[in-house]
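For reference, the structure is listed below as structure tokens.
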Amino acid sequence: MRSYDLTPFYRSTVGFDRLFSLLDQATSDGSPGYPPYNIERTGENAYRITVAVSGFAKDELSIVAKENTLTIKGEKVANENSKSEVLYRGIAARAFERAFQLADFVQVKDASLENGLLHVDLVREIPEAKKPRQIAINTAAQSTPVIEGSAEKAAA
């Protein structure tokens, strides 16, 4: 895979450092594959992240939204009281942490756990002050007309 040097962009731009760090993260090979997840668009401004967390209970999972980052963590509690001996462990029970970068104004609406899948519903809510608004264009015909002859007659 190619490696891109973004250093010249850091020198000549201001305020785009977050964008360049996201590009660095996207091109790195160190992205973990566990647990698998899906990102879906469920509406015009609605999204859903689905993470496969089979074997994890609700109290072993945590979801934290801080600034523009959504972090999902899972940590399996060791069951020392079990009398059975595991001969083969094919179901992963390792701890994980998965972070997602959220766009501006994207907020977590709901989270649910069903059938081993953790669903996190997100929605983009743009404040009224940030929404585009239509600006009326005035023409010269709409302004108060000036009568040229009346000013000259009054002076005479």
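Residue-level analysis places Asp104 outside the set of residues that are in a helix (DSSP H, G or I) and not aliphatic (A, V, I, L, M).
Among the residues making up the stretch 69-99, those that are within 23 Å of the chain's Cα centre (by Cα) and surrounded by 14 or more Cβ atoms within 10 Å (Cβ to Cβ) are Leu70, Ile72, Lys73, Gly74, Phe96, Arg98.
Of Leu118, Leu61, Leu102, which residue is within 16 Å of the chain's Cα centre (by Cα), modelled with pLDDT of 85 or more and open to solvent by less than 40 Å² (accessible area, probe 1.4 Å)? Explain how you work it out, then say what you get.
Working: Leu118 fails: within 16 Å of the chain's Cα centre (by Cα); Leu61 fails: within 16 Å of the chain's Cα centre (by Cα).
Sole residue among the options that is within 16 Å of the chain's Cα centre (by Cα), modelled with pLDDT of 85 or more and open to solvent by less than 40 Å² (accessible area, probe 1.4 Å): Leu102.
Take Glu128 and decide whether it is of a type outside the set (A, V, I, L, M) and touching a strand residue (DSSP E or B) at 6+ places or on another chain (Cβ under 6 Å). So Glu128 does not fit the description; no. Filtered by the rule that a residue be in a loop (DSSP other than H, G, I, E, B) and in contact (Cβ under 8 Å) with a residue 24 or more places away in the chain, the stretch 57-87 gives a lone residue, Asn68.
The values are calculated or read from the model by the stated rules, or taken from the named source; none is laboratory data. Being a predicted model, the structure only gives us computed values, none of them experimental. Glycine gets a Cβ as well: all are built from the backbone with ideal geometry, and neighbour counts include every protein chain shown. Please note that ligands, DNA and RNA were not included when accessible areas were found on the heavy atoms of the full protein model with its side chains. Shrake-Rupley method; radii C 1.70, N 1.55, O 1.52, S 1.80 Å.
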